[in-house]
1. Out of (1) more than 30 Å from Tyr51 (Cβ to Cβ); (2) open to solvent by less than 70 Å² (accessible area, probe 1.4 Å); (3) at pLDDT 75 or above, the odd one out for Ser241 is which?
2. If we keep just the residues of the range 18-49 that are part of a loop (DSSP other than H, G, I, E, B) and within 19 Å of Pro94 (Cβ to Cβ), which is least open to solvent (accessible area, probe 1.4 Å)?
3. Taking the options Ala90, Ala81, name whichever one is in contact (Cβ under 8 Å) with a residue 24 or more places away in the chain, on the phi < 0 side of the Ramachandran plot and out of contact with any Ser or Thr (no Cβ under 7 Å at 6 or more places or on another chain).
4. Of everything in the range 87-117, what is small (Gly, Ala, Ser), surrounded by 16 or more Cβ atoms within 10 Å (Cβ to Cβ) and within 19 Å of Asn189 (Cα to Cα)? Give them in sequence order.
5. Considering only the range 50-84, state which residues are open to solvent by less than 10 Å² (accessible area, probe 1.4 Å) and either assigned to a helix (DSSP H, G or I) or among the aliphatic types (A, V, I, L, M) (or both).
6. Residue pairs, Cβ under 9 Å, 6 or more apart or interchain, first in the range 105-127 and within 23 Å of Val137 (Cα to Cα) and in a strand (DSSP E or B), second among the acidic types (Asp, Glu) and open to solvent by 80 Å² or more (accessible area, probe 1.4 Å). List them.
7. What do you reckon, is Arg41 at positive phi and touching a residue at least 12 places away in the same chain (Cβ under 8 Å)?
8. Listed residues Glu125, Glu159; which is within 30 Å of Gln11 (Cα to Cα), open to solvent by 30 Å² or more (accessible area, probe 1.4 Å), over 13 Å from the mean Cα position of the chain (by Cα) and at pLDDT below 75?
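The values are calculated or read from the model by the stated rules, or taken from the named source; none is laboratory data. Quick caveat: nothing in here was measured; it's all calculated off a predicted structure. Ideal geometry is used to build each Cβ from the backbone, glycine not excepted, and the neighbour counts take in all protein chains shown. Please note that ligands, DNA and RNA were not included when accessible areas were found on the heavy atoms of the full protein model with its side chains. Shrake-Rupley method; radii C 1.70, N 1.55, O 1.52, S 1.80 Å.
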Amino acid sequence: LSHLARGRGLQLPPGESNPRARQLARSWADVATSPGEIVDRALDHFRQGGYAYTLAPPPLVGDPVDGFLFGNRDGYCEHYAGAFTFLMRAAGVPARVVAGYQGGRSNPLGDHLTVRQADAHAWSEVWLGEMEGWRRVDPTAVIAPGRVVFEPSGAVLVEGAGPMGLFAGEGRWLRWGWQAWDYLDGGWNEWVLGFGSVRQRAFFAGLGLESLSPVGMAAGAGGLVLLLLWFYRFFPPGWGSGDPLLRIHRRFRRKLARRGWPAHPWEGPVDYARRLEREAPGLAEPVWRITRLYVALRYGAEPPEGGRKLLAGLVRGL
């Protein structure tokens, strides 16, 4: 450990703040034969000192480390990691606080591990000499499980459990619902929000187009849009409907649209025929013949026999 790093690992607030914590740490250093023994004494202090874990501790006043160690003794990971690191430094053992994540929830639908902000955790590392180096020490882990505080809602707020920890016993369907939502949310983040240049190249490489240039990608995207527009033009929504009468009448409308008389989306068969009678008198007779037969077949109480075949022939002859 360099001189600079050792100095940082032993740095304490200026002055004589938190005097009781300093005195406790020096008492351990006076009788310990190794840094590891000091660590063990500190962990025994937390283990046997009546400390409790809670996400809603009372505020600390005055010297914060002394207030936590000798006052309310209630706190969460930052309290334990900060107080432990202070004690180690005061005892002459280089130490530092490390922040990261602990745990997560496995999602079998996406075969991934979900780690959220609720899984954030803090612990300590202590320097135990050149042979052992930095050792991870988590003082929060030594708190007795029976000291975990129950909130008024009845839920046990355990660090790292995350929001779904509140529903652990609520049934399989709720867990499955969370997994499904988490899977969809992850897919949206990965394939929409995160679909940048690197992922795009990987996607096209999977299609055998890894050498495609940005210009080629743009041209391919434009071609795909044109193909979709063409498909929509000649195969509008519902073109493959299983209703044969509807298919025949759509064919009738497309024929008239190609002649310059497209139907408006809000027009029914009779309204369409009435407009064509006004605007294209030359088409009035065949249009009305087709329209009256279609209405009779679709809405009549007794549709004419063979009417569908006749309707198809009239449309073909239009």
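1. (3)
2. It comes out as Asn18.
3. Working: Ala81 fails: out of contact with any Ser or Thr (no Cβ under 7 Å at 6 or more places or on another chain).
Testing whether each residue is in contact (Cβ under 8 Å) with a residue 24 or more places away in the chain, on the phi < 0 side of the Ramachandran plot and out of contact with any Ser or Thr (no Cβ under 7 Å at 6 or more places or on another chain) leaves just Ala90.
4. Answer for the range 87-117, where residues must be small (Gly, Ala, Ser), surrounded by 16 or more Cβ atoms within 10 Å (Cβ to Cβ) and within 19 Å of Asn189 (Cα to Cα): just Gly110.
5. Selection gives Ala52, Phe68, Leu69, Cys77, Tyr80, Ala81, Ala83, Phe84.
6. So the pair list comes out as Ala122/Glu78.
7. So Arg41 does not fit the description; no.
8. It is Glu159.
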